[in-house]
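S.K.: Sending over a structure as structure tokens; questions will come in a sec.
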Amino acid sequence: MGRRPVTPPAPPVSPSTPPRDPSTPQPSPSTPLRRRLPLVLLVVAGGAVGTALRVLVTLAVPPTGSFDTAIFAINVVGAFVLGLLLERLLRGGPDEGRRRVLRLGLGTGVLGGFTTYSSLATETATLGAAGDVLTASVYGLASVLLGVLAAAAGIAVGARWARGSR
Amino acid sequence: MGAGLPVTPLLVAATALAGGVGAGARFWVDGAVGDALAARRSRRTGRRAGAGAAAGAPSPYPWGTAVINVSGSLLLGLVTALALGAVVSPTWRAVLGTGLLGGYTTFSTASVDTVRLLAAGRRGAGAASALGLLVAGVAAAGLGLWLGSLLAPA
């Protein structure tokens, strides 16, 4: 009764400005994720770790055969792990808090930086331009098909893991 | 890393950092492409049937991944040809090619995108996201290699 505040709380913005200006850089629930600096830095840090891992694997795996075996293996393994991670997170609950940090840091960052498409495309184009269309086709098609199978297997394992942890 | 280039810890660190920047750029471009398509869809459905018409619509085609991988493949073809023509040094080829463009483009997301489209019964979109993207990426890389060879004959 007598405990009402005398003055109402000040409005967050002056009446002359519209209540929600999409160009305002203030982080609000509607701010796109890519405009939130901590999330961008999380992806950058994860991408640096993933790229370093990719470089170390390419240095450790000796070049065998007529195409880039290291990138081939990196891409297939990365597709499996990303499928597993994303499915596990998706079934764990909404994309927020710790789940969002794991998705962006490990998924978009580490695994996105670990695997690469430009190297696959350039290697395939180089093989094709050199006249080795057979090796180019095998490298390109085997990468894509095994990548899809690996991602599907990862998703299946992630779904089982999520069911088992309930 | 190119053959013959001495691999120092500093080079690995610079390449990794460039890969992080590439991943950040991918995060930004993917979100920007997704937002632009969502805005276009809502304008269309708004004209046709009012707000909320998009509810229950199938998940959008992953154009962000396609734009990223095709543009990154074009640029890596260009950097590779410029390195063959000795315009780009082996060090810069490693930092820009293996690092920046390797981190910018991604294979794992494209594979998971394809599985999700196929699981949703969208066979045509799934084939486009796997085989169509491969053809487009290789063509873009070939275009980059060709442009680079014009700029810097080996």
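S.K.: Take every Cα pair under 8 Å in chain B that's 6+ residues apart, average their separations, divide by the length, and report that relative contact order as a whole percent.
M.R.: 36
S.K.: Enumerate the helices in chain B for which the Kyte-Doolittle hydropathy averages -0.5 or more and the C-alpha atoms extend at least 30 Å along the helix's axis, using complete DSSP H runs.
M.R.: Result, helices passing both filters: B:9-49, B:63-84.
S.K.: Follow-up question, since we're still on this one. Over the whole of A:156-163, what's the average partner chain Cβ count within 10 Å per residue? Rounded to a whole number, please.
M.R.: Across A:156-163, the average partner-chain Cβ count within 10 Å equals 0.
S.K.: Still on this structure: Within the set of other residues whose C-beta is less than 14 Å from the C-beta of A:A142, count the net charge using Lys and Arg as +1 and Asp and Glu as -1. Can you show the working numbers first?
M.R.: Values: positive: none; negative: A:D68, A:E123.
Taking every other residue near A:A142 into account, the sum is -2.
S.K.: About its Cα centre, how strong a charge dipole does the range B:9-151 have in debye, to the nearest 20, once Lys and Arg get +1 and Asp and Glu get -1 at the Cβ?
M.R.: Taking the Cα centre of the range B:9-151 as origin, the dipole is about 680 debye.
S.K.: Which value in deg cm²/dmol, rounded to the nearest 500, describes the helix-derived mean residue ellipticity at 222 nm for chain B, given -39,500 (n - 2.57) per DSSP H run of n ≥ 4 and division by the residue count?
M.R.: Roughly -22000 deg cm²/dmol at 222 nm, from the helical runs in chain B.
S.K.: Tally Lys/Arg at +1 and Asp/Glu at -1 over every other residue whose Cβ is under 15 Å from the Cβ of A:L102; what's the total?
M.R.: +3
S.K.: Could you quote the convex hull projected area for the range A:49-146, Cα atoms only and averaged over all directions, in nm²?
M.R.: One quarter of the hull surface, i.e. the mean projection, equals 6.6 nm².
S.K.: Using θ = phi - 60° and the Karplus form 6.51 cos²θ - 1.76 cosθ + 1.60, what ³J(HN,Hα) does each residue of the range A:124-141 get, whole Hz, x for Gly and Pro?
M.R.: So the Karplus estimates, Gly and Pro as x, are 5, 5, 5, 4, x, 5, 7, x, 8, 5, 5, 4, 4, 5, 5, 4, x, 5 Hz.
S.K.: Still on this structure, please answer the following. Once the mean 1/r over all distinct Cα pairs of the protein assembly as shown is inverted, what Kirkwood radius in angstroms do you read off? If you can, show how the numbers build up before the last one.
M.R.: Values: mean 1/r = 0.0476 Å⁻¹.
For the protein assembly as shown, the Kirkwood estimate is 21.0 Å.
S.K.: If R₀ is 41 angstrom, what is the calculated FRET efficiency for the pair B:A86 and A:A73, using the beta carbon separation as r and rounding to 0.05?
M.R.: Once rounded, the FRET efficiency stands at 0.85.
S.K.: For a protection proxy built on the mean count of beta-carbon atoms within 10 angstrom, sort A:67-74, B:14-21 highest first, please.
M.R.: Descending packing order for the listed peptides: B:14-21, A:67-74.
S.K.: What is the spin-label model distance, in nm, from B:A36 to A:R163 if the labels are put 7 Å beyond Cα along the C-beta direction?
M.R.: Output for this residue pair reads 4.1 nm.
S.K.: Taking the Cβ of A:T51 as the centre, find all other residues whose Cβ is under 15 Å away and add up their charges (Lys, Arg: +1; Asp, Glu: -1).
M.R.: Result for the local shell: +3.
Only the coordinates and a few stated rules stand behind these numbers; no lab work does. Since this is a predicted model, take the numbers as computed values, not measurements. So basically every Cβ, Gly included, is an ideal-geometry build from the backbone, and we count neighbours across all protein chains shown.
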